[in-house]
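The values are calculated or read from the model by the stated rules, or taken from the named source; none is laboratory data. Note that this is a predicted model, so its numbers are computed, not measured. Glycine also receives a Cβ, built like all others from the backbone with ideal geometry; neighbour counts cover every protein chain displayed.
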Amino acid sequence: MTPMHWIASGGGIGRFPYTPGTAASLAAVLIGALVLWLDHRLLTLLAILTCVIGTWAVHETGEQDDPGWIVIDEFAGQWIAMIGLGRVSLYGLLAAFVLFRLFDIVKLGPVGWADRKHGAIGVMADDVVAGLIVAAILFVITILFPNVVP
């Protein structure tokens, strides 16, 4: 496995035999919870770097579509979704995980549009868009109902 394949597969998680995208999102939530607990800005930086490095790695693999083993996009999207949380909480992390997986799997509206793009940017785009939508939803929920998903 080349270094670019290793990055694109999320450190090998993409080779998980069952639902590698969900496995990658779960790993991202666990890592993201620690990073969010340390510093919200650090999570934002991690998400941005993952988008840039992930796009580069996917491009270097030569993949034009989104094969199941590429899961770096799930890491990026999940971390973007978690930016909408004010702090680490069990309910918040659960909401970020469930909503992100829902938007990533169902691919409604702009997520579906982004999913139809090809190349490295297309591979990353649907998860980034899903993450942005979920971050916005979580941000609004934390403002309107601070005790529900703090």
Checklist entry - Has segment 84-107 got at least one residue that is free of Cβ contacts under 8 Å to residues at least 40 places away in the same chain, assigned to a helix (DSSP H, G or I) and among the aromatic types (Phe, Trp, Tyr)? => result yes
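Matching residues to (1) of a type in the set (S, T, N, Q); (2) within 12 Å of residue 76 (Cβ to Cβ); (3) assigned to a helix (DSSP H, G or I):
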{"site": "1", "(1), (2), (3)": "no, no, no"}
{"site": "11", "(1), (2), (3)": "no, no, no"}
{"site": "18", "(1), (2), (3)": "no, no, no"}
{"site": "22", "(1), (2), (3)": "yes, no, yes"}
{"site": "48", "(1), (2), (3)": "no, yes, yes"}
Checklist entry - Quick one: how many residues across segment 1-32 are over 18 Å from residue 101 (Cα atoms) and among the polar types (S, T, N, Q)? => result 1
Checklist entry - If only one of 30, 26 is within 13 Å of the chain's Cα centre (by Cα), without any contact (Cβ under 8 Å) to a residue 24 or more places away in the chain and either under 15 Å from residue 131 (Cβ atoms) or assigned to a helix (DSSP H, G or I) (or both), which one is it? => result 30
Item to check | Test set (1) surrounded by fewer than 14 Cβ atoms within 10 Å (Cβ to Cβ); (2) within 14 Å of the chain's Cα centre (by Cα) - residue 126 fails condition number | outcome: (1)
Checklist entry - Within segment 50-67, which residues are crowded, with 17+ Cβ neighbours inside 10 Å and closer than 21 Å to residue 35 by Cβ? => result 50, 51, 54, 55, 57
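Could you list, in sequence order, the residues of segment 129-150 that are in contact with a helix residue (DSSP H, G or I) (Cβ under 7 Å, 6 or more places away or on another chain) and at pLDDT below 90?
148, 149, 150
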Item to check | Of all residues making up segment 113-141, the number that are touching an Asp or Glu at 6+ places or on another chain (Cβ under 7 Å) and not small (Gly, Ala, Ser) | outcome: 6
Next on the checklist: Kindly evaluate residue 114 against the criterion of being over 25 Å from residue 34 (Cα atoms) and assigned to a helix (DSSP H, G or I).
Outcome noted: yes
Checklist outcome for this item: Restricting attention to segment 14-49, the residues that are among the small types (Gly, Ala, Ser), farther than 20 Å from residue 2 by Cβ, crowded, with 21+ Cβ neighbours inside 10 Å and out of contact with any Asp or Glu (no Cβ under 8 Å at 6 or more places or on another chain) number exactly 2
Checklist entry - Do we have any residue at all in segment 6-13 that's surrounded by fewer than 17 Cβ atoms within 10 Å (Cβ to Cβ), without any contact (Cβ under 8 Å) to a residue 24 or more places away in the chain and within 17 Å of residue 128 (Cα to Cα)? => result no
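Considering only residues that are part of a helix (DSSP H, G or I) and either charged (D, E, K, R) or under 15 Å from residue 30 (Cβ atoms) (or both), which ones fall in segment 59-76? Explain how you work it out, then say what you get.
Filtering segment 59-76 for residues part of a helix (DSSP H, G or I) gives 59-61, 72-76.
Answer for segment 59-76, where residues must be part of a helix (DSSP H, G or I) and either charged (D, E, K, R) or under 15 Å from residue 30 (Cβ atoms) (or both): 60, 73, 74, 75.
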